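Engineer: My questions all concern the structure below.
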Amino acid sequence: MSFQSSVNLYPAPGVEGARASNNVATTVVAGPNALVAGTAGVRVGSFAWNSAAGLASNFCYTGLVPDGFIDNEQQALITVWLAETSMIVPAGVPVTEYERGDFWAVAHYNDATVGNKVFANLFTGKILAAATGAFPVDPAGTTGVITASFATNVMTVTAGSVYIAPGMHVTGTGIPANTYIEAQLTGTPGACSAATYSLSTYPGTVTSAATVVVTAPDGVGGATASACTCASGDTAMTITTLTNGTIAAGQLVKSPGNVHDLIKIGIKN
């Protein structure tokens, strides 16, 4: 951890995920020993969806409407060696979800303006501020075929040509509906061979090894999450190396270090 090099003269107006007012706030009613963060953990200051087992995750298990918002109770933990910050609540740690209230949040994909609606990315739970109806809520994306084997809720990928990431929808013969990739367990990130992934459901006996994976959009437009090396000038972007994924019209273009200001959001159930 680096030494402190600056001092803010004035405190920040808010902290991501913290309450923004004393107006009425209500929490999601959960059963015994619920809710807890799912296999991949859950991010503070983001929307979440809940499984039947009471696990909270930042991608949609069923339906498009989030079950709640994860507020900031300083419950995130630094689990990465030498990391300085974390917004992730590790798997198994109890969380509180709010279905109503005013909170500070970060618009991760654009700058918010007064009057915008707040939408949830269906694969990350992160917030997009946009005009009513501007955000396509269909999580379809594009598809690719992989070859995999299954044991309990673990998928072992042996071949394929599609980039794989947590939040992707998995379909195939013998695989239950609403099965999503929760986390990557082993292998190179995004790998289509020699990699294992935990799933949101337990396939049991799968009669076919060929599986369709729906790639996860990372913003608006229903395009795939991609990475590339490029040069830009005026309104043109020249791609020199495509690391993974595909490039399509409607994709969000961003680079490491993009930071947007906090916005105040109101959630109504």
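Values quoted throughout were computed directly from the atomic coordinates according to the rules given, and no laboratory measurement underlies them. On a predicted model such as this, the values are computed, not experimentally measured, just so you know. Counting neighbours? That spans all protein chains shown, and the Cβs are built from the backbone with ideal geometry, glycine included.
Engineer: Sort 98-108, 20-30 by packing, meaning the average of other beta carbons within 10 Å per residue, with the highest value first.
Structural biologist: Highest-to-lowest ranking by the protection proxy: 98-108, 20-30.
Engineer: Sticking with this one: Just in region 1-73: which chymotrypsin sites (Phe, Trp or Tyr not before Pro) are loop by DSSP and have at most 16 other Cβ atoms within 10 Å?
Structural biologist: Listed in order of number, the matching sites are F3.
Engineer: While we're on this one: With each label point set 7 Å from Cα along the Cα-Cβ vector, what nm distance links A131 and T152?
Structural biologist: The two pseudo-label positions are separated by 5.0 nm.
Engineer: What distance in nm separates the simple spin-label points at N110 and L9, each placed 7 Å from Cα in the Cβ direction?
Structural biologist: Modelled inter-label distance: 3.4 nm.
Engineer: Can you work out ³J(HN,Hα) from phi for every residue in region 80-85, in order, using Karplus 6.51 cos²θ - 1.76 cosθ + 1.60 and θ = phi - 60°, giving whole Hz and x for Gly and Pro?
Structural biologist: Ordered by residue, 3J(HN,Hα) equals 8, 4, 6, 5, 9, 9 Hz.
Engineer: Rank-order 81-87, 116-122 by packing density, defined as the average count of other C-beta atoms within 10 Å over each peptide's residues, highest first.
Structural biologist: Descending packing order for the listed peptides: 116-122, 81-87.
Engineer: Out of residues 5 or more away from M168 or on other chains, whose amide H comes under 5 Å of its own, with H placed 1.01 Å from N in the peptide plane?
Structural biologist: Placed amide hydrogens put I181 under 5 Å from M168.
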